[in-house]
Amino acid sequence: MKRVAILISGGGSNMVALVQSMTGDHPARPVLVASNDPAAAGLAKAEGAGIAVAAVDHRPFGADRAAFEARLLRHIEAASPDILCLAGFMRVLTPEFVARFQGRMLNIHPSLLPKYPGLHTHRRAIEAGDAEAGCTVHEVTPVLDDGPILGQARVPVRPGDTADSLAARVLVEEHRLYPAVLRRFALGERGRLDL
Ligand code: GAR
């Protein structure tokens, strides 16, 4: 059974989708949900699901990302995860942190990468006049929102869409895609999944 730690920064809806998927004959189980924001709503959801939680507020560390990560790492290492899932985790990780989990860290990003790495993905897709948008699960490498793509799901961009309406449509697909990719990843399958 693979042990999965999940990093969040906010509401944690992707974390909940991942956690709910890891039951029965699923090859993985959640062992920790950690956040850089002690007020992240997802922490209470994880606790409610009986999962160990940790919060390491990044703000007191200022620009010292390595010190923040060292503290976070203590919690993560204590949980001995095989796989680390970034699920709406909004801190950029140092190359040293990424190297530690290279090949076993996944991220979900709300665009069809390589389009629109970074922020404001839905607004950028609408402004570009794209006919479709979507989400990507990829392995994390030191380059932001880069790394081998493990799966994508697509949605149409509709006339009159706002960033919020498009984000909501994409989020539904995120909740399908991430659990499906994690399951395959935990089984050692590395092929790409297109939903
Ligand atoms: C999700 O849409 C996720 O793809 C995005 O943040 C949201 C988190 O929602 N992640 C990023 O933008 C990472 N750069 P959630 O907390 O409800 O899962």
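The values are calculated or read from the model by the stated rules, or taken from the named source; none is laboratory data. Every value quoted in this text rests on a predicted model; they were computed, and no experiment measured them. All Cβ positions, even for glycine, are placed from backbone atoms using ideal geometry, and neighbour counts span all protein chains on display. Remember, those area values only see protein heavy atoms, side chains included, never the ligands or the DNA or RNA. Shrake-Rupley method; radii C 1.70, N 1.55, O 1.52, S 1.80 Å.
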> In the set ASP64, ASP37, which member is acidic (Asp, Glu) and within 16 Å of the ligand (Cβ to nearest atom)?
Replying inline: ASP37
>> Any residue at all in the stretch 124-136 that's closer than 23 Å to LYS2 by Cα and either crowded, with 20+ Cβ neighbours inside 10 Å or in contact with a Pro (Cβ under 9 Å, 6 or more places away or on another chain) (or both)?
In response: yes
>> Please count how many residues of the stretch 2-11 are within 13 Å of the ligand (Cβ to nearest atom) and either open to solvent by 10 Å² or more (accessible area, probe 1.4 Å) or aromatic (Phe, Trp, Tyr) (or both).
In response: 3
> When only residues in the stretch 148-175 that are open to solvent by 20 Å² or more (accessible area, probe 1.4 Å) and of a type in the set (Gly, Ala, Ser) count, which is farthest from GLY103 (Cα to Cα)?
Replying inline: GLY160
>> Anything in the stretch 169-195 that is hydrophobic (A, V, I, L, M, F, W, C), outside any helix (DSSP H, G or I) and more than 15 Å from the ligand (Cβ to nearest atom)? List them, or say none.
In response: LEU187, LEU193
> Among all residue pairs at least 6 apart or on different chains, which show Cβ distances below 7 Å where the first residue, located in the stretch 110-121, is without any contact (Cβ under 8 Å) to a residue 24 or more places away in the chain and the second is polar (S, T, N, Q) and surrounded by 12 or more Cβ atoms within 10 Å (Cβ to Cβ)?
Replying inline: THR121/SER111
> Here are some conditions: (1) within 19 Å of ARG176 (Cβ to Cβ); (2) assigned to a loop (DSSP other than H, G, I, E, B); (3) not basic (Lys, Arg). ASN14 meets all but one. Which one does it not meet?
Replying inline: (2)
>> Criterion first (without any contact (Cβ under 8 Å) to a residue 40 or more places away in the chain, open to solvent by less than 50 Å² (accessible area, probe 1.4 Å), more than 24 Å from VAL16 (Cα to Cα) and out of contact with any helix residue (DSSP H, G or I) (no Cβ under 7 Å at 6 or more places or on another chain)) does ASP145 satisfy it?
In response: no
> How many residues are within 16 Å of the ligand (Cβ to nearest atom) and either assigned to a loop (DSSP other than H, G, I, E, B) or crowded, with 21+ Cβ neighbours inside 10 Å (or both) if we restrict to the stretch 18-31?
Replying inline: 4
> Within the stretch 143-183, which residues are basic (Lys, Arg) and closer than 24 Å to ARG3 by Cα?
Replying inline: ARG176, ARG183
>> Looking at the stretch 41-77 only, could you name the residues that are more than 17 Å from the chain's Cα centre (by Cα), open to solvent by 60 Å² or more (accessible area, probe 1.4 Å) and charged (D, E, K, R)?
In response: GLU47, ARG59, ASP64, ARG65, ARG71, ARG74, GLU77
>> With within 19 Å of ARG91 (Cβ to Cβ) and out of contact with any His (no Cβ under 7 Å at 6 or more places or on another chain) as the only criterion, which of GLU139, GLU127 stands out?
In response: GLU139
